[in-house]
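The block underneath contains the structure these notes are about, expressed in structure tokens.
The values are calculated or read from the model by the stated rules, or taken from the named source; none is laboratory data. Bear in mind that the values here come from a model prediction, so they are computed numbers and not experimental data. Methodologically, a virtual Cβ is constructed for each residue, glycine included, from the backbone with ideal geometry; neighbour enumeration extends over all protein chains shown. Quick note on the areas: whole protein, heavy atoms, side chains included, nothing else; ligands and nucleic acids left out. Shrake-Rupley method; radii C 1.70, N 1.55, O 1.52, S 1.80 Å.
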Amino acid sequence: MNWSLIVRALRHRNYRLFFGGQGISLIGTWMTRVATGWLVYRLTGSAFLLGLVSFAGQIPILVLGPFAGVWVDRWNRHRVLVVTQALSMLESFALAALALTHSITVHEVILLNLFQGAINSFDMPARQAFVIEMVEEPEDLGNAIALNSSLVNAARLIGPSVAGLIIAGVGEGYCFLIDGVSYLAVIASLLLMIVIPRSTERAHPSVLSELRDGWNYVVGFRPIWSILLLLVCISLVGMPYTTLMPIFAGKVLHGGAHTLGFLMGAVGVGALAGAVTLAARTSVLGLGRVVPITAAGFGASLIAFAGSRLLGLSLFLLVITGFCFMQNLASCNTILQTIVEDKMRGRVMSFYSMAFQGIAPFGSLIAGVIASRIGAPYTLMIGGAICICGASLFAMQLPTLRRLIRPIYIQIGIIPELAKGVHAASVWQDPPES
């Protein structure tokens with residue numbers, strides 16, 4: 001691979017700082033995620049409560065997300081991220097204090113997850129929208145998004161594996177403590193940035209008016225709407241596999257905390273590979289075809305994983321799961337960030353966050369209820385089948401979506417020969433992949 005091409009977004013100083021700080025912080029985030037699931041499972045042994053805790057951590061994104069998107073478009077996104085990271089650090093320290101004093105209960109985990117979910121309602125759209133402010137050249141945007149995904153999944157590879165060892169050795173509390181300390185790295189990276197304030201309108205209409213404008217923009221442009229609907233489908237019925245993972249580690253594969261770490265690490269291996277291959281792409285063209293293929297692959301790998309009773313096979317299948325999911329998510333993100341108007345970026349990315357994580361709590365809750373009745377494997381098989389159906393419906397729309405996106409690609413120069421009027425007759429041919 002041409003590594004200079006893969007990491008080209010790192011030539012921008014602000015993005016380089018962000019990348020380094022996030023790289024440290026995200027390892028702690030994944031440690032907390034694994035430790036929280038194992039803590040709840042250890043305390044209760046309940047599939048329903050696993051789903052409830054996940055629900056509590058993500059439902060605020062659905063409730064607050066639309067309003068957060070409006071405010072992110074109004075506020076200084078850099079300052080928003082400094083505040084959200086500081087609050088997240090305090091939440092991790094609170095979890096650590098309760099766990100290390102052996103006084104933590106499921107009720108406290110739920111409350112702190114609600115608090116973290118409220119923070120994420122602002123952090124996620126601000127983080128997504130801030131990427132374009134860190135890379136001065138628009139052509140590097142797709143690479144920066146792919147590198148972000150690589151970073152998340154490198155952390156997913158390291159964090160769960162380390163968490164499994166720490167949980168088995170000294171308990172969940174030290175995972176929370178390490179996570180809290182890790183936030184100092186990303187806060188420092190943000191404070192070291194030199195950010196040129198972006199111009200915003202001084203006179204704002206009401207929040208509800210701007211929210212309505214954002215909603216009309218999303219539903220009025222079919223490519224955005226179709227991508228978000230597919231993400232809703234995957235988030236609702238596919239993503240709960242992470243919530244049910246402690247059950248697969250403990251009951252299905254007859255392992256312990258280290259097994260859970262290996263399973264989550266396998267997902268990270270696949271996701272990292274998926275993100276790196278996307279980072280090597282030089283253009284957004286062709287990603288439209290990637291979206292339904294990887295969504296179907298994600299569903300098929302979930303079905304196969306649900307039927308596996310061998311650890312080695314399960315790890316292999318989760319590598320495929322992680323690869324397909326990350327390729328799908330990063331492709332959707334890149335297409336959205338490319339075609340959206342900048343003044344609507346915060347609001348569109350808040351709807352993206354809602355589709356990806358805001359809907360997920362309902363999936364986790366539903367999956368917890370269904371798994372308690374028919375078992376985690378059958379629950380996951382049903383979800384995988386629905387993901388394949390959603391991918392098929394998206395694939396049927398693809399020719400129409402390409403035709404609608406084509407004028408935007410011409411306008412911003414992604415299809416330069418058409419922008420210059422060369423080969424005008426090609427408008428009568430099949431459009432290139434979006």
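General remarks:
- Qualifying residue in segment 10-24 (condition: of a type in the set (A, V, I, L, M), at pLDDT below 85 and over 30 Å from Val207 (Cβ atoms)): yes
- Checking each residue in segment 245-266 for being open to solvent by less than 10 Å² (accessible area, probe 1.4 Å), at pLDDT 85 or above and not small (Gly, Ala, Ser) picks out Met245, Phe248, Leu263.
- Of the residues making up segment 12-35, at least one is hydroxyl-bearing (Ser, Thr, Tyr), over 17 Å from Ser149 (Cα atoms) and touching a residue at least 40 places away in the same chain (Cβ under 8 Å).
Okay, residues lined up against (1) under 18 Å from Thr242 (Cα atoms); (2) outside any loop (DSSP other than H, G, I, E, B); (3) in contact with a Phe, Trp or Tyr (Cβ under 8 Å, 6 or more places away or on another chain):
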position	(1), (2), (3)
Ile110	yes, yes, no
Pro125	no, yes, yes
Ile132	no, yes, no
Ala146	no, yes, no
Ala154	yes, yes, no
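- Val269, sole failed condition from (1) out of contact with any Leu (no Cβ under 8 Å at 6 or more places or on another chain); (2) open to solvent by 10 Å² or more (accessible area, probe 1.4 Å): (1)
- Any pair with Cβ under 8 angstrom, 6 or more apart, that starts in segment 131-142 at a residue that is under 18 Å from Leu81 (Cβ atoms) and ends at one that is at pLDDT below 70: Ile132/Pro138; Glu133/Arg198
- Of everything in segment 205-244 that is among the hydroxyl-bearing types (Ser, Thr, Tyr) and more than 22 Å from the chain's Cα centre (by Cα), the residue that is surrounded by the fewest Cβ atoms within 10 Å (Cβ to Cβ) is Ser206.
- Residue in segment 305-348 that is surrounded by the most Cβ atoms within 10 Å (Cβ to Cβ), counting only those that are closer than 30 Å to Val252 by Cα and of a type in the set (Gly, Ala, Ser): Gly322
- Selection within segment 181-192 - closer than 25 Å to Gly37 by Cα and buried (at least 21 other Cβ atoms within 10 Å of the Cβ): Ser182, Tyr183, Val186
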